[in-house]
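Student: One structure coming up, written as structure tokens, with questions to follow.
The values are calculated or read from the model by the stated rules, or taken from the named source; none is laboratory data. Since the structure is predicted, the reported quantities are computational estimates derived from the model, not experimental observations. Here the Cβ positions follow ideal geometry from the backbone for every residue, glycine too, while neighbour counts run over all protein chains shown. These accessible areas exclude ligands, DNA and RNA; they are computed on the full protein's heavy atoms, side chains included. Shrake-Rupley method; radii C 1.70, N 1.55, O 1.52, S 1.80 Å.
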Amino acid sequence: HAKNCGKNNAKLYSSSLTMQIMSHVRLEVGLRRALQNDELYLLYQPQLDVRSNEIVGVEALVRWRHAERGVVSPNEFIPLAEETGLIVPIGEWVLRTACNQARHWQKLGRRPVRIAVNLSAKQFKDENLSQIVLSALHDTGLDPRLLELELTEGTLMDDAKATLATLEQLRGIGVYLSIDDFGTGYSSMNYLKRFDVRALKIDRSFISGLPQDSENAAITRAIIAMAHGLKMIVVAEGVETGEQLVLLEEYGCDLVQGFYLGRPAPPEAVTGMLQKLWVPVAAR
Ligand code: C2E
Ligand code: MG
Ligand code: MG
Ligand code: MG
């Protein structure tokens, strides 16, 4: 009887494993077609300059509208895109679409808005990266100074020499660089000094417990002090409450991003925000 049971378990296990693999394969096949089927789209999340109360930047965040599954989160399909190499064409599409949108906003003519685009490690290592960035800028007519590329600590720490060369190429084009999810990966302070990085984005995990969590408050203040000492600006991610915003302003944080200011939204929804000063929820 015990033997039977084990067998059944093995069968159960293997069939659920098979199902997992099949679902993975299906997702991969779907992702291959997503681009040509027009199933990818971008949402945009505003970044507020705490001192001027203006939206000065917008982060582009990709979504996949899947025929059966509905909207698939990038946390689910970006790793798959990385594994399969699909991240390169997908990333290029994201870059072009975002630059085009930023150019459109720029033509509306108010103050300039910087667009931030996430780059995954594999894109960063692609030898055609600077060519892809250059042609996206050229074809859309976007000023390179209005494009910011977000990299993670992991991407930067990988291979010092190649990393430095790529960063120099990108800076040569005139685009800006920022470090995303700062504080969650490995970073050498020595690197921060050598890389020409405009901004550190403090990871949401440090912000979410504020103002109560005194350890995260200490870390947040330390990151801000260090960044300013190195002539970088600081963006706080994941700001969800007015209290957090007030505290971050007190700490001297430069930009904030999070649900409190606005969730990632379609471009038309963001356009309105770019044209006026930001007003706190309580005062609306
Ligand atoms: P990320 O670059 O750190 O983007 C911030 C994520 O936090 C976004 O999740 C955003 O929706 C979410 N977020 C923003 N404010 C808040 C808040 O106040 N509270 C909470 N709980 N969450 C907030 P999203 O859009 O699901 O993206 C997840 C990750 O997927 C991104 O993290 C980024 O690493 C990656 N990703 C998104 N779009 C792209 C892309 O076009 N290319 C690449 N390579 N990666 C992307
Ligand atoms: Mg990001
Ligand atoms: Mg982040
Ligand atoms: Mg991230």
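Student: Please specify each residue of segment 188-201 satisfying the condition of being within 18 Å of the chain's Cα centre (by Cα) and either more than 13 Å from ligand 4 (Cβ to nearest atom) or closer than 16 Å to Leu167 by Cα (or both).
Tutor: Val197, Arg198, Ala199, Leu200
Student: Which of the residues belonging to segment 112-125 are closer than 13 Å to Ile87 by Cα and away from ligand 1 (no atom under 12 Å from the Cβ)?
Tutor: Step one: of segment 112-125, the residues closer than 13 Å to Ile87 by Cα are 118-125.
Residue satisfying the conditions is Lys125 alone.
Student: How many of the residues making up segment 239-256 are in contact (Cβ under 8 Å) with a residue 40 or more places away in the chain and open to solvent by less than 40 Å² (accessible area, probe 1.4 Å)? Give the steps one after another, and end with the answer.
Tutor: Going through segment 239-256, the residues in contact (Cβ under 8 Å) with a residue 40 or more places away in the chain turn out to be 242, 245, 248-249, 253-256.
The next check asks that each one be open to solvent by less than 40 Å² (accessible area, probe 1.4 Å); those that pass are 242, 245, 248, 253-256.
Here the count works out to 7.
Student: What are the pairs with Cβ atoms under 6 angstrom where one residue, in segment 112-127, is closer than 19 Å to Arg145 by Cα and the other, located anywhere, is within 7 Å of ligand 1 (Cβ to nearest atom) and open to solvent by less than 50 Å² (accessible area, probe 1.4 Å)? Sequence gap at least six, or different chains.
Tutor: Ala116/Glu59; Ala116/Glu150; Val117/Ala60; Asn118/Glu150
Student: Among the residues of segment 132-166, which ones are under 21 Å from Gly57 (Cβ atoms) and within 16 Å of ligand 3 (Cβ to nearest atom)?
Tutor: Looking only at segment 132-166, we keep the residues that are under 21 Å from Gly57 (Cβ atoms), and these are 133, 136-137, 140-153, 155-156.
Listed by number, the residues that qualify are Glu148, Leu149, Glu150, Leu151, Thr152, Glu153, Thr155, Leu156.
Student: Determine, yes or no, whether Leu17 is under 30 Å from Pro267 (Cα atoms), in a helix (DSSP H, G or I) and at pLDDT 75 or above. Break it down into steps so the answer makes sense when it comes.
Tutor: Values: under 30 Å from Pro267 (Cα atoms): no; in a helix (DSSP H, G or I): yes; at pLDDT 75 or above: yes.
In short, no.
Student: Give the residue that is nearest to Leu119 (Cα to Cα), with candidates limited to residues of segment 167-196 that are modelled with pLDDT of 95 or more and part of a loop (DSSP other than H, G, I, E, B).
Tutor: Val175
Student: Test of understanding: among Tyr191, Tyr260, Tyr251, Tyr186, which residue is among the aromatic types (Phe, Trp, Tyr) and closer than 30 Å to Gln101 by Cα?
Tutor: Working: Tyr191 fails: closer than 30 Å to Gln101 by Cα; Tyr251 fails: closer than 30 Å to Gln101 by Cα; Tyr186 fails: closer than 30 Å to Gln101 by Cα.
When all the criteria are applied, what remains is Tyr260.
Student: Out of everything in segment 151-166 that is under 20 Å from Val117 (Cβ atoms) and more than 12 Å from ligand 4 (Cβ to nearest atom), what residue ends up being most open to solvent (accessible area, probe 1.4 Å)? Lay out the reasoning, then the answer.
Tutor: Applying the first criterion (under 20 Å from Val117 (Cβ atoms)) to segment 151-166 yields 151-156, 158, 163, 166.
Filter once more, keeping what is more than 12 Å from ligand 4 (Cβ to nearest atom): 156, 158, 163, 166.
Details: Leu156: 2, Asp158: 95, Thr163: 6, Thr166: 29 Å².
Among them, the one singled out is Asp158.
Student: Looking only at strands (runs of 3 or more DSSP E) that lie completely in segment 37-96, which have at least 2 residues being under 14 Å from the mean Cα position of the chain (by Cα)?
Tutor: Values: elements: 40-49, 54-66, 70-72.
Output list reads 40-49, 54-66.
Student: Kindly provide the set of residues from segment 17-51 that are polar (S, T, N, Q) and either open to solvent by less than 50 Å² (accessible area, probe 1.4 Å) or closer than 15 Å to Arg263 by Cβ (or both), ordered by number.
Tutor: The first filter runs over segment 17-51 and keeps only residues polar (S, T, N, Q), leaving 18, 20, 23, 36-37, 45, 47.
Residues satisfying the conditions are Ser23, Gln45, Gln47.
Student: Can you tell me which of (1) open to solvent by 40 Å² or more (accessible area, probe 1.4 Å); (2) within 24 Å of Glu54 (Cα to Cα) is the one Asn128 doesn't meet?
Tutor: Looking at each condition in turn, Asn128 falls short on (2).
Student: Step by step: first the residues of segment 97-116, then only those that are of a type in the set (Gly, Ala, Ser) and part of a helix (DSSP H, G or I), then the one that is farthest from Gln36 (Cα to Cα). Which residue is that?
Tutor: Let us first name the residues in segment 97-116 that are of a type in the set (Gly, Ala, Ser), namely 98, 102, 109, 116.
Then keep just the ones that are part of a helix (DSSP H, G or I); that gives 98, 102.
Working: Ala98: 18, Ala102: 23 Å.
The selected residue is Ala102.
Student: Step by step: first the residues of segment 80-98, then only those that are farther than 16 Å from Asp126 by Cα and away from ligand 2 (no atom under 14 Å from the Cβ), then the one that is least open to solvent (accessible area, probe 1.4 Å). Which residue is that? Before you say what the answer is, go through the steps one by one.
Tutor: We begin by selecting, within segment 80-98, every residue farther than 16 Å from Asp126 by Cα; these are 80, 96-98.
Pick out the ones that are also away from ligand 2 (no atom under 14 Å from the Cβ) and you get 80, 96-97.
Details: Leu80: 6, Arg96: 73, Thr97: 42 Å².
It comes out as Leu80.
Student: While we're here: Checking Met232 against (1) open to solvent by 50 Å² or more (accessible area, probe 1.4 Å); (2) closer than 30 Å to Glu168 by Cα; (3) within 21 Å of the chain's Cα centre (by Cα), which single condition isn't satisfied?
Tutor: All conditions pass for Met232, except number (1).
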